[in-house]
1. Kirkwood hydrodynamic radius of segment 41-94 from all distinct Cα pairs, in Å?
2. How big is the charge dipole of segment 507-619 about its Cα centre, in debye rounded to the nearest 20, if each Lys and Arg gets +1 on its Cβ and each Asp and Glu gets -1 on its Cβ?
3. Based on the Cβ-Cβ distance from residue 322 to residue 145, what FRET efficiency comes out when R0 is 30 Å, to the nearest 0.05?
4. Once you charge only the Cβ atoms, +1 for Lys and Arg and -1 for Asp and Glu, what is the size of the charge dipole of the chain about its Cα centre, to the nearest 20 debye?
5. Does anyone have the angle between helix 2-12 and the longest principal axis of the chain? Alpha-carbon axes, 0 to 90°, nearest 10?
6. Under a point-charge model restricted to the Cβ atoms of Lys and Arg (+1) and Asp and Glu (-1), what is the dipole moment magnitude of segment 184-292 relative to its Cα centre, in debye to the nearest 20?
7. Would you mind putting 268-276, 82-90, 403-411 in packing order, based on average other-beta-carbon counts within 10 Å, highest first?
8. Please work out the Kirkwood hydrodynamic radius for segment 433-480, using every pair of different C-alpha atoms, and report it in angstroms with one decimal place.
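No lab work stands behind these numbers, since they all come straight from the coordinates. Small disclaimer: the values here were computed from a predicted structure and weren't measured. Using ideal geometry, Cβ is built from the backbone for each residue, glycine included, and neighbour counts are taken over all protein chains shown.
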Amino acid sequence: MRHNLMLLLLVLTGVFVPSAAQETENVIIVTIDGIRNDEAFEAESLYLRHVWNDLRPLGTIYRRFWNRGWTATTSGHTTILSGVRQILNNNGGADGTVRSFDPLVFEYFREYLAEPEASCGVAFGKTGNFGAICDYGLEPAFGARVRGSQWGADTTHDDTNCLKMVFGLMDSVRPRLMLINLACVDGAGHTGVYEDYLEAIRVADSVVFELYKRIQAIPPYEDTSYRNRTLYIVTTDHGRNDDAHSGFKGHGEWDHGCRDLMFWALGPGVRQGAVIDSISRDQIDIAPTVGAVLGFPTPFAEGELMAEMFEPGRAPEPVLVSGAPVAAQNLSSNPGFSRDPDLARDRYGNLHLVWSDNTRGRWLVYYSRSTDDGMTWSMPRVMFDFPAEDSVMWYARVAADDSLAVAASGFGRHACYIDSVEPRRMDSTFLWYPWMATSTDQGGTWTAVSLFDSSMGMYYPGVAVREGRYSVAWWICGRFGWQAAKKGLNFNSREAGGEWDSVPERVKNSNMVHIALRDDGEQFHVATCAMSGDEDADILYFMRDSSGGWLKDSAVSDPLGSPVYDHDPELVVDESGMVHLFWQRKPDQGGVWRLMYGRRDPGTGAWDTLTLVSGPADACQPHAALKGDTLALVWTDYRGSASEVYCCFSTDLGLTWTEPEPVTTAGTLTQHPRVSPAGEGFFVVWQSLSVFGSEEGRSLDEVWDLRLRHLLLQDHAIRVIVEIDDRSSLHCWTPL
Ligand SMILES: [Zn+2]
């Protein structure tokens, strides 16, 4: 009531300007699948006649809007819907085998605003690569329970039929949050007939304009339920190859034509006739903006609210998650999004921590060390000073032995030709690189090197160090055939005092989304999650012997037609050469994630595989460490009301295991635990959602922090008995 009175007072005194969030009740996003910006806004009114002439003056367009990840349909749409870069291959026609790793806006919308399933979803003209898998993602804290609707079928493939279906939905269930895919432009582009491609764009233009008239109740439309209260966005999932890179027929590579996207928005508070060319935006910025205007949080999203497209004073505020504070040592303790920690202990007993952090306004890799067994930590330093404009660094992993190695991946903006004939114009694109930093003085000084570019994008590179020998394994995708380094799993190593290979070894030509690497002093061991087209992900194992040959094995390979998710492999190798492999597994439909454990006999090469943690709820993101004969396993477990870190131990190299025990009982979102040996016991570090306003002196936009706990084992009656907690040992860093 007090709030309403205040609003009334502001209105009466004439100073009240409603924010976009107060006036926006619906969001409709249209993706014109695979329209190249050459034929979109670069051509002005030539093909998108209505959008350019009639709609553009009413809203805002961006001149620098990018797909900086994999420029294909599954990846583009899941990135738009999740706000997290999803580097995923197209899922083909299959349902469920390739999904977003993070929640989609539909899941947040339903979870936080208690909306029904019919209030949101995707409308599509093709199920392949998009429709079948854009209702929910794989994060168990959300998921199918709060899925969005799927409206459409392959039979609605024609964009005008798709529009009719959408009109029917607007008349009946009245969705409040909808993504509509117009599939025909991409289909026509792939035929290679330029006139057909242009004609499909003209049709899409009229569809977008007709939908605008329906939203605004412009005759012949009469329903006013969307009028003046809908944010309407038109963009695309990816562009197409520019003429310097084989032309409009294809896409899915790293060139400017594939990355440069059209973006237009209209709605309450959105600037009219604005052209934004001074700020670069990205597909990951859409979900946080949608969440802010509709009034729900998007806690996993990595993007930013696109405040500049709103009139001054009318931009919505981000909505934050409410809950209780977390009681555990706060390692990051900064106002940014701190995520994906990794921890390693060197042979001198120092602990080395890396993570990704956006406190400085872009994603960077931070490093800190503890020389007193976790009691205090050094002020974090930025590990890679990637020089390119618009660059980010993330996905860091650390390995430690006699020396240290940190691997990360990131992208930078590069100039490239966009025309095939003179005079050739240049523009920019984004290339991804795996980077390595090494230290021989226990983390005092570092030497960084970028390895061969990986072009499209990737997740964590596996990294190892042993007796001065460094190695790294990473995934390359989106290459053109003429490029020296090839698609797939790539590997490079450097003997102590030696040089990196100038061109990496390609181990296998598959899509590898999670890569773990260990060096046992003689052999290199790699475990990956391989995603191969329409089939589900399998866990592959590779071993490189001293002669340089690769043994290639499947730890799990499901038969075709029975897809099961097998994700996030991690491995350790014991003194006998036995490989201990951990990963998470879930049925394609329904069921929960459980933790799998396989041991590979070094003599026979045979795997004995069992389910290690099974129910009652999801168990995922396993990570293991080995100290003597003791294996420590940590993971994220959803058996309580929230996601928590759990642990278990084996003191006999995996023959028997203790019961799972909780490391945290925070009651908030918890992610990405990693475990490392300590002087005594083990340390576990993880990422958890800090609740705003609950801790003094914190700024409002703080979201995720890193937390640390110490796990001690006593008398082999293994249980967690000591936590190095909380406020007493909190080390406050000075501001960066
Ligand atoms: Zn597409």
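1. 13.3
2. 40
3. 0.90
4. 940
5. Approximately 40 degrees, to the nearest ten.
6. With Lys and Arg at +1 and Asp and Glu at -1, about 560 debye.
7. Result, highest mean Cβ count within 10 Å first: 403-411, 82-90, 268-276.
8. 12.0
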